[in-house]
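Asker: After the structure tokens below, expect a handful of questions from me.
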């Protein structure tokens, strides 16, 4: 994820889920992008779920652009 994509995800999470603070989401995303081996429990569960949906949506959009 580019820094702009990371910020877009943090903003979208805050607007749509808001179960965790923006700072905690930003920390999670930066650690995830860095490839850290993390414990996906507690607060991180909702962030990881949202991030996986986010990535699937991006993948779907890219597939649509290829087939168009």
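Asker: What 222 nm value per residue comes from the helices of the chain, counting each DSSP H run with n ≥ 4 as -39,500 (n - 2.57) and dividing by all residues, nearest 500 deg cm²/dmol?
Answerer: Taken over the chain, the calculation gives -25000 deg cm²/dmol.
Asker: Taking the C-alpha atoms of the chain, how large are the radius of gyration and the largest Cα-Cα span, Dmax, in Å?
Answerer: In order Rg, Dmax, the Cα atoms of the chain give 12.6, 41 Å.
Asker: Now for a separate question. Angle between the Cα long axis of helix 3-16 and the longest principal axis of the chain, 0 to 90 degrees, nearest 10?
Answerer: 70 degrees
Asker: By how many nm would the segment from residue 43 to residue 23 grow when fully extended, if each residue of separation counts as 0.36 nm and the alpha-carbon distance is taken off?
Answerer: Stretched out fully, the residue 43 to residue 23 stretch lengthens by 6.0 nm.
No lab work stands behind these numbers, since they all come straight from the coordinates. All values derive from a computational prediction rather than experimental measurement.
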